[in-house]
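Chemist: The structure under discussion is supplied below as structure tokens; questions concerning it will follow.
The values are calculated or read from the model by the stated rules, or taken from the named source; none is laboratory data. It should be emphasised that the depicted structure is a prediction, and the values quoted were computed from it without experimental measurement. We place every Cβ from the backbone using ideal geometry, glycine too, and count neighbours over all the protein chains shown.
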Amino acid sequence: MLPTFETERLFLRPRTMADLEDCMAMDRDPEVTRFIPGPWTNPDAHRRFITARMEADFGPDLGYWSIFARDQPQRFLGWVLLIPDDAVGPDIEIGWRLNRHAWGKGYATEAARPLVVHAFGQAGIKRIVAAIHPDNAASIRVAQKIGLTATHDGAPYRYFALNREDFAASLMTGQTAG
């Protein structure tokens, strides 16, 4: 069972089938999925895709977490993930997707930080990665704020990574993602 996390403003819990309609509604906003290929405009394929992700076993301590504001615990803000890269690995991917109403408030960074700590702590992961479209400036800023650095470009994404050793060094210097 995945842990839950609380931050100053957010509550993160493992994503469940109860979140299916909220996830589908979020993905149907073309601005939300602008940089992410997927079956967003085909309702049946979209539902199958999300259901498969919700039912998948990504391994111990890995999966998706739904994000809610602590002061509005029923309002779905989005999700964060820690799963094998592109759902197959071997690298472990960190990612986030938020409803447009949750943009610009620092929620993605705030939700991703406990996942970084979890990845290098309880999950024992050696490296996390993120693949972000180079035009997605907001997601690139989130990646940088949680300690990831650009490693290389490979169409259509720019790749970012953070190693456990670099994370541990940031803890020593007080520049932590957590």
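Chemist: Contact list please: Cβ distance under 8 Å, first residue in the range 127-139 and touching a residue at least 12 places away in the same chain (Cβ under 8 Å) and under 17 Å from residue 38 (Cα atoms), second residue basic (Lys, Arg) and not in a loop (DSSP other than H, G, I, E, B), pairs at least six apart or on different chains.
Modeler: Cβ pairs passing all conditions: 131/158; 132/158; 133/158.
Chemist: Any residue at all in the range 88-98 that is loosely packed, with under 13 Cβ neighbours inside 10 Å, in a loop (DSSP other than H, G, I, E, B) and without any contact (Cβ under 8 Å) to a residue 24 or more places away in the chain?
Modeler: yes
Chemist: To continue, here is another question. Are any residues in the range 1-41 over 16 Å from residue 81 (Cβ atoms), touching a Lys or Arg at 6+ places or on another chain (Cβ under 9 Å) and not in a strand (DSSP E or B), and if so, which ones?
Modeler: 7, 8, 9, 24, 29, 31, 39, 40, 41
Chemist: Same structure again: Could you give every pair whose Cβ atoms fall below 6 Å, whose first residue belongs to the range 23-46 and is at pLDDT 95 or above, and whose second residue is outside any helix (DSSP H, G or I) and hydroxyl-bearing (Ser, Thr, Tyr), counting only separations of at least 6 or pairs across chains?
Modeler: From the range 23-46, the pairs are 27/33; 40/33.
Chemist: Ok, one more. Considering only residues that are without any contact (Cβ under 8 Å) to a residue 60 or more places away in the chain, part of a helix (DSSP H, G or I) and of a type outside the set (A, V, I, L, M), which ones fall in the range 108-126?
Modeler: Passing the criteria: 109, 120.
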